[in-house]
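Chemist: Could you have a look at this structure, given as structure tokens, before my questions?
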Amino acid sequence: MKRGIDMKKSTMLAFTAALLMSAASITGHAASAPTYDDNLILPNPASAPGLSNVVLVPVASPQVVQSLHDYVKAWENAEQKIALAKAKRDNHEQLTKADKKWLHSKDKHNYADYFRTHSLGRVHGFETALNWNGENRNKNEYEYFETPKYNEKDGFVNSYGYNVLRGMVDRVNEVVQKQKQVGGPMTDDEAQALEDAILDILAQEQEHVSNEELRHYMNETIWFASKETVKNKASEEPTAADEHVVDLRKAINEPMGSNDYNKVDLRSAIQQ
């Protein structure tokens, strides 16, 4: 009799343990499953983020404004220096090392194309990291839903986050490329107009986005493209040392003081 009771107890314990393990398995599975509150990954979210009265991230962060300003001013400075070097070359004047470097700085790359490369690269970086669907010609299978592949009737079915970010970047690059076509910003007014145009696009695009995560990605993309472009071009343009020109004739003939003769330190004159 006791043996039968023990077997019943063992059976009940085993059954209880199985239930607990099953519940734990279900809980763990549910925790790891993707949720539908991530509107950025869905193609057409039922509750697409709309206008918000509460803005946690400024339309354009101070970092974006500063990096964008540095970008357009560096572009303006480069165009002015290149124009001066071209004028000297056309007048058959002797070119300095800096002049030659300025003339060659646009042989392969320019401020507009670098910006486009870095901005689009940032979009695709977010696309990969966040598992967005963006212009994918193959069917993307997620755990509980799938995004269809490209077809002529519907075109691409992209994630909401990708559509917003790529749309903003395409508009900005259209403005930047038009500036390139007219020769880049040559004056302070042209540089300011370009800066304002890009900030206007950023404001217009973010106006209809209340998702603060996506607004951050929009800011970060412009910031990154501006910073990387300036860094890339700085490596191709003359340094401050390259642009320092010493007039040896002036240094030799310049009076050094009340002495009857001039003592010239050529090493110091060259290194000034």
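All of the numbers you see were taken from the coordinates with simple rules; none came from a lab. Remember, it's a predicted structure, so these values are computed and weren't measured experimentally. Positions of Cβ are generated from backbone atoms using ideal geometry, with glycine treated the same way; all protein chains shown enter the neighbour counts.
Chemist: Could you order peptides 175-186, 91-102, 214-225 by the average number of other Cβ atoms within 10 Å of their residues, highest first?
Modeler: By packing density, highest mean first, the sequence is 214-225, 175-186, 91-102.
Chemist: Beyond a 20 Å Cα-Cα separation, which of these cross-linked pairs lie in this structure: Lys73/Lys97; Lys88/Lys227; Lys106/Lys227; Lys86/Lys178; Lys86/Lys227?
Modeler: Lys73/Lys97; Lys88/Lys227; Lys86/Lys178; Lys86/Lys227
Chemist: When the dipole is taken about the Cα centre of region 187-243, and only Lys, Arg (+1) and Asp, Glu (-1) are charged at their Cβ, what size is it in debye, to the nearest 20?
Modeler: Here the size comes out at about 300 debye.
Chemist: Compute the signed sum of charges (Lys and Arg +1, Asp and Glu -1) over the other residues within less than 12 Å, Cβ to Cβ, of Glu174.
Modeler: +3
Chemist: Per-residue counts of other Cβ atoms within 10 Å, averaged by peptide: what ranking do you get for 201-209, 73-81, highest first?
Modeler: Result, highest mean Cβ count within 10 Å first: 73-81, 201-209.
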